[in-house]
Amino acid sequence: MLKFLFKGLVRDRSRSLFPILTVFIGVALTVFLYSYLNGFVSDMIKSSAHYNSGHVRIMTKAYSQESNQSPNDLAIIGIDTLIQDVEKSYPDMIWTPRIKFGGLIDIPDKNGETRIQGPVSGMAVDLFSRESPERKFLNLDESLIKGRIPEKPNEILIADDFARRLKVAPGDTATLLSSTMYGSMVMTNFVIAGTIHFGIAALDRGAIITDISDIQKSLDMNNAAGEILGFFKDDNFHSDKAYGIRNSFNEKYKNSEDEFAPIMGALPEESGLSDYMGLIDIASFVIIGIFIFAMAIVLWNAGLMGSLRRYGEMGVRLAVGEEKGHIYRTLILESIMIGIVGSFLGTLFGLIPSYLMEIYGLDLSFLFEKSSVMITGVLHADVTYETYLIGFIPGILATVLGTSIAGIGIYKRETAQLFKELEA
Amino acid sequence: MSNSFLIKTEKLYKKFPMGPTVLVALDNINITINKGEFLGLVGPSGSGKTTLLNIIGSLDSPTQGSVEVLGNKIETLSHQDAAKLRNNHIGFIFQTFNLLPVYTVYENVEFPLLLQDIETAKRKELVMQALEWVGLADRKDSKPSQLSGGQSQRVAIARAVVKKPELVLADEPTANLDAKNSHNIMETMVKLNEELDTTFIFATHDEKVMKYLKRKITLNDGYIQRDENISLNNQ
């Protein structure tokens, strides 16, 4: 019987082609949107981890209360010991210190007088150690527009957009006006080694990157850092492991009254990502729901039209002794076959743009020029194991739902009425 | 004694509500049909021929009265039991052939056997045998659209008799055929009636069919006007 039904579907294109096309389009869009959303989340997590909070982050308790203001007067002191400690306790992680700082950057003219100034947000990272992961995490080599990566003390990288606004180039001098860890004003001269494009509007507007030793010296932060970031070695965020490490680390200091005692936070809570991730889960659910609903409506109508066209066939089948329930079940079976074929083709064609977007990305940074959110302007898709299967849910569910509703019309119709329509 | 007849109707009524009034399609029908009969329900349009054929074929149920077909009370049959009765014991032939257009001749004839879960080899044997009966074995791979009207109706006959039913119900089987094809079709059915002892009941007002009938029940406005055995006149 299955073979018989399959032959009918293959030979009667009006019965199969339109529903398959509908499922195909719906599933392809679902697969693409799903992988795009996955990519969006993945990019958001990576950006937040690399530029902001790591997969886990150690701060002092006091710093953590006001971490959005980067209060370096509340920084961790004695980071060498602490890093050795966490490296020993959590060998699966890479640990790296960072100092975030703010200030003014002053560009002198040829006489040494101020030519232009601008507010700057800075990030001091370990650029010089051979084992440092920062060049990779911050994607510095690929993001370099002009000049080179700093190789000597007192060299900085500056955001390319910012550099153009300040009309500076590699080799020019820039003076940072900021305050030390102890509140004194400080001015430090740097040489611009290169310009980079972060791809994150908030950073491209006015950020600099320096080696951490320069800033420790400049801001009087000897063996201190605002934060120590921990990254999983595969650079993927593992929620359960991250929270496990956080809990185990914080357990050691839970009884400490010292406001400078270290405390660890995990990425979602540190970046406020947990709400976004929850929203995106809901968005995925809604998108799939919309596709199921829309496709079911279209396929219901297609099923009704097909059923009207097939009244003659139904009448014959009833006359030769096929039971109404069996006819209804074969219609559902046909819809499952259509759902599988449409979902397979839709998944295949949905994966093509998803893969291309995963590899090459889509540069929409012009849309985020004014954004202060830590989000990359180059959107990537992310194809996961679920992507291969996700399309089958709306694909099969919608065809079965559409056919079930349409088929009720046949099921409810009296046998003799069908028989009359057969003769009509 | 109930098994000595194939079909028996007693005080059979079929009424259709038509707005405020009721149309009496069948009015106190009492007939008995025995195995092997070659019988025609004749009469003008609207006389109740097709309604009676549908009730005998368990496609419809009576409003009142009793209909017994092959030991089954039609008025009490569930949908499932009615389907089983049709599947195992009754074949239908239609005026417009009603072959499934996307399937081949072979597949159209095979379809009733698929519902009976008969194994492939046996199915093939029965289908080819039925196609031999109607002289279309060489057209088994053709599609209905490639057949003439007469050939299509012969395929429909093969489909009706492939499961060797006790009863074949034919509603105006020659209405869409020319004289020559009508004659061939009727000859085929007479042959099957004689060789397989299958009971044939026709609903018709075609004179070409009537001359082959051995019994003729004339209906008029839903009641039996005349029930005559004409086999002797036909010889």
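Throughout, read-outs are computed from the coordinates displayed, never taken from laboratory work. Quick caveat, the model's predicted, so the values are computed rather than measured. Cβ atoms come from the backbone with ideal geometry, glycine included; neighbour counts cover every protein chain shown.
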> Which Rg and Dmax, in Å, describe the Cα atoms of chain B?
Replying inline: 17.6, 56
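Which GluC sites (Glu not before Pro) does region A:95-162 hold that lie in a coil by DSSP with at most 15 other beta carbons within 10 Å?
Details: sites: A:Glu113, A:Glu131, A:Glu134, A:Glu142, A:Glu151, A:Glu155; in loops: A:Glu113, A:Glu131, A:Glu151.
Counting only loop positions with at most 15 other Cβ atoms within 10 Å, the GluC sites (Glu not before Pro) in region A:95-162 are A:Glu113, A:Glu131, A:Glu151.
Please give the calculated 222 nm ellipticity per residue for the protein assembly as shown, where each DSSP H segment of at least 4 residues contributes -39500 (n - 2.57) and the sum is spread over every residue; nearest 500 deg cm²/dmol? Don't jump to the answer; show the numbers that get you there.
Working: 25 runs with 310 residues, N = 659.
That calculation yields -14500 deg cm²/dmol at 222 nm.
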> Using Cα-only point scatterers and the Debye equation, what is log10 of I(q)/I(0) for region A:95-224 at each q in 0.11, 0.18 Å⁻¹, rounded to two decimals?
Replying inline: -0.34, -0.94
> Which lysines have a Cα less than 18 Å from the Cα of A:Lys167, not counting those fewer than 8 places away in the same chain?
Replying inline: A:Lys110, A:Lys146
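Please report, in whole Å³, the volume per residue of the convex hull around the C-alpha atoms of region B:154-235.
Details: hull volume 8.6 nm³, N = 82.
Enclosed volume per residue, from the Cα hull, is 105 Å³.
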> Residue-wise, which Karplus ³J(HN,Hα) couplings in Hz belong to region A:246-254, taking 6.51 cos²θ - 1.76 cosθ + 1.60, θ = phi - 60°, and x for glycine or proline?
Replying inline: 4, 5, 5, 5, 5, 4, 5, 10, 5
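How high is the relative contact order of region A:95-224, in percent, with contacts defined as C-alpha pairs under 8 Å that are six or more residues apart?
Working: 281 pairs, mean separation 40.7, N = 130.
For region A:95-224, the relative contact order is 31 percent.
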> Can you give the three extents of the C-alpha atoms in region A:1-142 along their principal axes, from longest to shortest, in whole Å?
Replying inline: 85, 49, 33
>> Viscosity 1.567 mPa s, temperature 4 °C: give me the Stokes-Einstein translational D for the protein assembly as shown in µm²/s, with Rh taken as the Kirkwood radius over C-alpha pairs.
In response: 41
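How high is the FRET efficiency between A:Ile332 and A:Tyr385 when r is their beta carbon distance and R₀ equals 25 Å, given to the nearest 0.05?
Details: r = 28 Å, r/R0 = 1.13.
So, using R0 = 25 Å, E works out to roughly 0.30.
Nearest 0.05, what FRET efficiency do A:Thr114 and A:Phe285 give at R0 = 60 Å with Cβ-Cβ as r? Each step should come with its number before you reach the end.
Numbers: r = 55 Å, r/R0 = 0.92.
Given R0 = 60 Å and the Cβ-Cβ separation, E is 0.65.
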>> Can you tell me, using C-alpha contacts under 8 Å and at least 6 residues apart, the relative contact order of region A:158-258 as a whole percent?
In response: 26
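So if a site counts as exposed when it's one of the trypsin sites (Lys or Arg not before Pro), its DSSP state isn't H, G, I, E or B, and it has at most 11 other Cβ atoms within 10 Å, what's the longest stretch of chain A without one?
Values: sites that count: A:Lys110, A:Arg130, A:Lys167, A:Lys233, A:Lys254, A:Lys370.
Counting at most 11 other Cβ atoms within 10 Å as exposed, the longest clean stretch of chain A is A:255-369.
Which entries of A:Lys324/B:Lys163; A:Lys88/A:Lys233; B:Lys14/B:Lys180; B:Lys15/B:Lys163 have Cα-Cα distances beyond 25 Å here? Display every interim value, and only then the final one.
On the way: A:Lys324/B:Lys163 20 Å; A:Lys88/A:Lys233 15 Å; B:Lys14/B:Lys180 36 Å; B:Lys15/B:Lys163 33 Å.
Listed pairs above 25 Å: B:Lys14/B:Lys180; B:Lys15/B:Lys163.
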> Can you give me the Cα centroid spacing of region B:175-205 and region B:135-159 in angstrom?
Replying inline: 15
> Which ³J(HN,Hα) values in Hz, rounded to whole numbers, follow from the phi angles of region B:61-71 under the Karplus curve 6.51 cos²θ - 1.76 cosθ + 1.60, where θ = phi - 60° and Gly and Pro get x?
Replying inline: 10, x, 6, 7, x, 10, 10, 10, 10, 6, x
> So which chymotrypsin sites (Phe, Trp or Tyr not before Pro) in region A:190-277 pass both tests, a DSSP loop state and at most 10 other Cβ atoms within 10 Å of the Cβ?
Replying inline: none
>> Over chain A, what is the relative contact order in percent, taking alpha-carbon pairs closer than 8 angstrom and at least six residues apart?
In response: 28
> For region A:17-30, what does the Karplus curve 6.51 cos²θ - 1.76 cosθ + 1.60, with θ = phi - 60°, yield as ³J(HN,Hα) per residue in whole Hz, taken in order and with x for Gly and Pro?
Replying inline: 5, 5, x, 5, 4, 4, 5, 4, 5, x, 5, 4, 5, 4
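For a 18 Å ceiling on Cα separation, which of these pairs sit above it: B:Lys73/B:Lys191; B:Lys11/B:Lys84; A:Lys7/B:Lys164; A:Lys61/A:Lys254; B:Lys8/B:Lys49?
Working: B:Lys73/B:Lys191 30 Å; B:Lys11/B:Lys84 25 Å; A:Lys7/B:Lys164 26 Å; A:Lys61/A:Lys254 11 Å; B:Lys8/B:Lys49 16 Å.
Violating the 18 Å limit, Cα to Cα: B:Lys73/B:Lys191; B:Lys11/B:Lys84; A:Lys7/B:Lys164.
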>> No solvent, one uniform scatterer per C-alpha: report log10 I(q)/I(0) for region B:61-121 via the Debye equation at q = 0.16, 0.18, 0.24, 0.28 1/Å, two decimals.
In response: -0.69, -0.81, -1.06, -1.19
